[in-house]
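Below is one structure; the comments refer to it alone.
The values are calculated or read from the model by the stated rules, or taken from the named source; none is laboratory data. Computed from a predicted model, the values in this text were never measured in an experiment. Here the Cβ positions follow ideal geometry from the backbone for every residue, glycine too, while neighbour counts run over all protein chains shown. For the accessible areas, the whole protein counts, side chains as well, though only heavy atoms, and no ligand, DNA or RNA atoms are used. Shrake-Rupley method; radii C 1.70, N 1.55, O 1.52, S 1.80 Å.
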Amino acid sequence: MGIKSALPRYELYLYTAVLGVALIWAGSWIFEASSENIDRKAFKESVQPGWHYFGRKMDAADFEWMMWFSTFRNHILFALAGHVIFAKIFSLLAPKHRSLIFGVYGGLAVLVTMGWTYMALVLSHCIILYSVALVKMKWLCFAAGLSALASIKLEPYNSWQEALVTGSFDLQDVLFYGGCGFSIMRCMSFALENCDRKEGNYTFCDLLRYNFYLPFFFFGPIMTFDKFHAQVNNTQLTRKEREMWNITTKALLHLGIILVVDVFFHYLYILTIPSDMKLVAKLSDWCLAGLAYSNLVYDWVKAAIMFGVINTVATLDHLDPPKPPKCITMLYVFSETHFDRGINDWLCKYVYDYIGGDHDKIFKELLATMCTFAITTLWLGPCQLVYIWSFFNCFGLNFELWVAKLFSLPPLSTIEGFMGGAMSRRIRGVFNAANFWTIILYNVLSLNSLEFAKLVGRRLIFKGFPLSTLSVLLVTYCGVQLVKERERKEALLEDPEPVKAVDGGKEKAE
């Protein structure tokens, strides 16, 4: 039985060729801009000496990447290796108490790293939210949790709390806000899960074991309390067939990708160039499109690798942590756009799905998205850039539902019903291509700057029209169709009887 929305094979080959040539073309423009401007004054701080073998400087503009895989690499590896060793020993000796060992080791690591005043601050958040959890009123848990989160995101409360932490070292700010922020979100998850518990309450020790699990403590991802509690208290510690092989393979893959990214940073200064608006204004439309796209791809790669390293450790502890985010290249709908699956799962479970239900009611969806992005804005730290990012992404999510509702009504639904599946897919692909670039523009402003996003938008939509606009959309359309083909094949593997499908996950099948 054939899939209605399948495209001819030669057409897919053509899409692949066009996409490949376009990526090489855009990459050549970025390489040229990087090579010709390597000695610019604006590049001095962020373009630094790289590997001796290449004889070129490398882009070191991303503090987070350099922190993880260069500056503090040994410190992070030492802490995680210690956790793995202790976890393995006590999992073998006392599997029933391994969650206690996780919490004790994590608490001691935090205490040694940040000092007793920081530990006291984190514990105070835990005590307050645990006390609220005992009341078993969800609105009160949200009020207390969001107030605690606001206290580390808004002035003057955050400066007052930060001043409590004595000492000074390069990572102090990152660890302070990361540890406090993730702790509060975990405590909120604990409180909300306790509200759903019909008999009795979880103990304060359960909260501490959950919160001080070291691999997740400072950098995430967030694993909701119900999942963590069930998995960490499982005493049947068995491995699936070839599971250790898969863990080793993923670890080696992460190492390989880290090396590849570092090599790319020697030739493509995708992070430094957008910060120099004088240079950016002189670049071609293709170079700008490539920079915007590559910045989002890089941010996805960074999130996938950082969370992948942590998840590898968690998997060794017999946990099933949140999966890495979906690749930006595979996204053409706002409903699947996220860079931190842990936060995304948390928001979906406790806010978005809780309010929005099945997400087919316009006003319920509007309320759900507004509440979700309000909490996201607080999580990221309220400022003008975050407000703009939240507004446009909230609008994009709702606009998709409005368009879907519109096309489900006659006469548009009737017209589509008369079309062949392949033609319907092609038309949808045009809209998805335009949607892909709205996702790029709405998110690149949070990664680079509002000025860069506005410049890219003006050049691709207005000044570059029609040649640059249509050519970029054509290339994007080819990419979208290849993604849809991959989703179609995955849907066939999951459901050999092609009676339903998905577009962005939801395509028609006969």
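Under 5 Å from the amide H of residue 58 lie the amide H atoms of 48, 50, each residue being 5 or more positions distant or on a separate chain, with H modelled from the backbone and absent for Pro and chain starts.
Which pairs break 20 Å Cα to Cα here: 136/349; 282/454; 323/349; 57/282? Cα-Cα > 20 Å for 57/282; rest within.
For region 419-492, place one equal point scatterer on every Cα, skip the solvent, and apply the Debye formula. What is log10 of I(q)/I(0) at q = 0.12, 0.13, 0.14, 0.16 Å⁻¹? Debye intensities relative to I(0), on a log10 scale: -0.41, -0.47, -0.53, -0.66.
Taken over region 352-425, the convex hull of the Cα atoms encloses 109 Å³ per residue.
Loop-resident GluC sites (Glu not before Pro) (DSSP state other than H, G, I, E or B) in region 186-283 with no more than 13 further Cβ atoms inside 10 Å of their Cβ: 199, 241. Each peptide in 270-283, 128-141 was scored by the mean count of other Cβ atoms within 10 Å over its residues; highest first, the order is 270-283, 128-141. Stretching residue 405 away from residue 199 to a fully extended chain increases their span by 69.9 nm, per 0.36 nm per residue minus the current alpha-carbon distance. Taking only alpha carbon atoms, the chain gives an Rg to Rh ratio of 0.97, where Rh is the Kirkwood radius.
The peptide list 355-362, 320-327, 396-403, 204-211, put in order of mean Cβ contacts within 10 Å with the highest first, becomes 204-211, 320-327, 396-403, 355-362. When you count the other C-beta atoms within 10 angstrom of each residue and take the mean per peptide, 249-260, 61-72 line up highest first as 61-72, 249-260. Working from Cα pairs under 8 Å separated by at least six residues, relative contact order for region 54-206 is 24 percent.
Between the C-alpha center of region 18-69 and that of region 445-491 there is a gap of 22 Å. Built from the Cα atoms of region 124-164, the convex hull projects on average onto 2.8 nm², one quarter of its surface area. Here are some pairs, 88/326; 361/484; 44/463; which of them have Cα atoms lying more than 28 Å apart in this structure? The answer is 88/326; 44/463. With r defined as the distance between the Cβ atoms of residue 162 and residue 360 and R0 fixed at 51 Å, what FRET efficiency is calculated, to the nearest 0.05? So, using R0 = 51 Å, E works out to roughly 0.70.
Cross-link reach is defined here as a Cα-Cα straight distance under 16 Å, omitting same-chain residues fewer than 8 places apart; for residue 198 the aspartates and glutamates meeting it are 226.
Computed from the C-beta positions of residue 281 and residue 461, the FRET efficiency with R₀ = 22 Å rounds to 0.85.
Ranking 11, 490 by solvent-accessible area of protein heavy atoms (1.4 Å probe, all protein chains present), from largest to smallest, gives 490, 11. For region 79-136, give the percent of accessible area contributed by carbon and sulfur heavy atoms, probe 1.4 Å, rounded to a whole number. Whole-percent figure for carbon plus sulfur exposure: 81. Evaluate E = 1/(1 + (r/R0)^6) for residue 70 and residue 136, where r is the Cβ-Cβ distance and R0 equals 35 Å; express this FRET efficiency to the nearest 0.05. Step by step, r from the Cβ atoms, then E = 0.15.
Solvent exposure of the chain amounts to 50 Å² per residue of accessible area, where only protein heavy atoms count and the probe is 1.4 Å. With one equal scatterer per alpha carbon and no solvent term, the Debye-computed log10 I(q)/I(0) for region 13-133 at 0.22 1/Å reads -1.29.
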